[in-house]
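Have a look at the structure below, then the notes.
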Amino acid sequence: MSNIVRLIIACVVLGAAVALCVFGFWGWGILVLFLGGFVLLSYFFNENMIISQWFLRKDNSAKAEEWLLKITDYEKQLNKSQWGYYNLLIGLVESRKSPLKSEKYFKKSLSLGMKMSHNIALAKLSLAGIAMAKRNKREAQMYLQEATKDDKNKLLTEQIKMMKAQMGQMDKQVVQQRGYRQF
C-alpha cells in the first residue's frame, strides 16, 4: 500500500475517533484513536522492514528476504527517510548469499542517507569487508577509518578490530606468496 493511501486512511480513522468522542462514545473513540495511531505509525515505520529486521537478528535471512520482497516499489511504499535503510537491509540479506553483489546496495544506502550513525558505520564496515575480498587494501582501510569515525556509540568496535586483524593477516599472506617462486 502506498504511503499516501496510509496517510489518508490514518486521517479518516483519526477523524472518526474524534467524532465518536464528540458524540459521547468515549470507549469506542479511544479504541479507534489507537487504531488510527497504529495506521499513522505505519506511515513512518514500514511493517515489512521491521519484521525483516527482526528475522535478520534471528539469523533467518530467507524469511527476511521474503518480507523485504513484499515491498515492490520502495519509492512509493516507503517514506523518503527509509530508502537508505531499505537498501541497507537488502544489502545485508544479499551479502549472505553473494557478498560481492551486495556492494551496490551498501553504496546506494550511503548515497540515499541514513540518520543513525551506527547504521552508516555498518554499511561502511560491510564495504570494507567487500574491498578486502577484492584484495583492495587501500579502499578497505579507508572504509574502516570512516566506520570507526561513524561508530560513535562503539557498537561495532569488536567487528572493526576483527576486520583490522584480518587485514593484518592479508599482509602476511601477500609476503608469503612473494617469498616463494611461482612458475
key: Unit Cα scatterers, Debye sum, the chain: log10 I(q)/I(0) for q = 0.08, 0.10, 0.14, 0.19 Å⁻¹   = -0.39, -0.54, -0.85, -1.21
Computed E for Trp28/Ser2 - FRET, C-beta separation, R0 41 angstrom, nearest 0.05 = 0.90
message = Along the Cα→Cβ direction, 7 angstrom out, place labels at Lys152 and Trp54. What is the inter-label distance in nm?
response = 2.9 nm
ask   = What ³J(HN,Hα) values, in whole Hz, does the Karplus curve 6.51 cos²θ - 1.76 cosθ + 1.60 give for the stretch 33-50 when θ = phi - 60°, with x put for Gly and Pro?
value = 4, 5, 5, x, x, 5, 5, 5, 5, 5, 5, 8, 10, 6, 5, 5, 6, 5
key: Residue of Leu122, Leu88, Leu56 that the Gaussian network model of the chain assigns the largest fluctuation, springs spanning Cα pairs under 10 Å   = Leu56
request  = Could you give the size of the charge dipole of the stretch 18-112 about its Cα centre, using +1 on the Cβ of each K and R and -1 on the Cβ of each D and E, expressed in debye and rounded to the nearest 20?
outcome  = 300 debye
Subset of Lys76/Lys152; Lys134/Lys154; Lys63/Lys172; Lys124/Lys172; Lys115/Lys172; Lys70/Lys149 violating a 30 Å alpha-carbon distance limit = Lys76/Lys152; Lys63/Lys172; Lys115/Lys172; Lys70/Lys149
ask   = With every protein chain present, what accessible area does Met163 have (1.4 Å probe, heavy atoms only), rounded to the nearest 10 Å²?
value = 30 Å²
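The values are calculated or read from the model by the stated rules, or taken from the named source; none is laboratory data. Owing to the predicted nature of the structure, the values given are computational and were not obtained by experimental measurement. Glycine gets a Cβ as well: all are built from the backbone with ideal geometry, and neighbour counts include every protein chain shown. Keep in mind that these areas ignore ligands, DNA and RNA; they rest on the heavy atoms of the full protein, side chains included. Shrake-Rupley method; radii C 1.70, N 1.55, O 1.52, S 1.80 Å.
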